[in-house]
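Below is one structure; the comments refer to it alone.
The values are calculated or read from the model by the stated rules, or taken from the named source; none is laboratory data. None of these values were measured; they are calculated from a predicted model. Neighbour counts are summed over all protein chains in view; Cβ atoms, including those assigned to glycine, are modelled from backbone coordinates with ideal geometry. Keep in mind that these areas ignore ligands, DNA and RNA; they rest on the heavy atoms of the full protein, side chains included. Shrake-Rupley method; radii C 1.70, N 1.55, O 1.52, S 1.80 Å.
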Amino acid sequence: IDPVGACVGMRGSRVQAVVTELQGEKIDIVTWSEDKATYIVNSLAPAQISKVIFEEENTDKIKVIIPEDQLSLAIGRKGQNVRLASILTNSEIDIIDEKDEKNKRNEEIKKISETFMKELDVDEVIAHLLATEGFLSIEEIAEAVDTDFKVIEGFDENIIKNLKERALQTMDKRNKEL
């Protein structure tokens, strides 16, 4: 059974009756899903969604990445589409186009890489590899298990051991300064 089709009815007869009863008020029919990301994608339809990113510390704040040509469709006139999706999902939705998201991500990786180069005294390539693999802080490097590093091509036991030692030394140095 198609839930949206069942609500719309034959040639839109059911939905037209509801719209008439609501004196011409526009309505959207959204397929509900238990999975919040799927529900968000459904609520922003017909816009095509590239990614849904949940903020780790706050699952009610969500970034939705959309191709640039779909941006106005997802936001809607005066922001009504994204506002409706926010209300339906009880979340704060931030719509970002793919180009802006890529630029932000590259800036974040650059900042993290610079921190690693300065504080761990590693070259740019190693710092960049660590950042692109998801290491965001010196603490994460110090606390990571060896298998977390093995996914990075070219990282052997010696490099991993050396990185972890440098990270621990940097953390000790920070703690002494406090």
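Annotations
- Considering segment 22-75, the residues that are open to solvent by less than 50 Å² (accessible area, probe 1.4 Å) and assigned to a loop (DSSP other than H, G, I, E, B) include one that is modelled with the lowest pLDDT, namely 55.
- Beta carbons closer than 7 Å, at least 6 apart along the sequence or on distinct chains, pair a first residue in segment 19-41 that is more than 24 Å from residue 93 (Cα to Cα) with a second that is open to solvent by 60 Å² or more (accessible area, probe 1.4 Å) for 19/25; 19/27.
- Among the candidates 108, 119, the residue that is in a helix (DSSP H, G or I) and either at pLDDT below 80 or open to solvent by 90 Å² or more (accessible area, probe 1.4 Å) (or both) is uniquely 108.
- Of all residues in segment 130-145 being more than 23 Å from residue 173 (Cα to Cα) and out of contact with any Ser or Thr (no Cβ under 9 Å at 6 or more places or on another chain), the one that is surrounded by the fewest Cβ atoms within 10 Å (Cβ to Cβ): 134
- Restricting attention to segment 90-105, the residues that are under 15 Å from the mean Cα position of the chain (by Cα) and open to solvent by 40 Å² or more (accessible area, probe 1.4 Å) total 9.
- When residues of segment 155-173 are limited to those that are open to solvent by 60 Å² or more (accessible area, probe 1.4 Å) and touching a residue at least 12 places away in the same chain (Cβ under 8 Å), the one farthest from residue 125 (Cα to Cα): 168
- Residue 134 falls short on exactly one of the conditions (1) on the phi > 0 side of the Ramachandran plot; (2) touching a Leu at 6+ places or on another chain (Cβ under 9 Å), and that condition is (2).
- Residue count for segment 111-129 satisfying the condition of being of a type in the set (D, E, K, R) and in contact (Cβ under 8 Å) with a residue 12 or more places away in the chain: 3.
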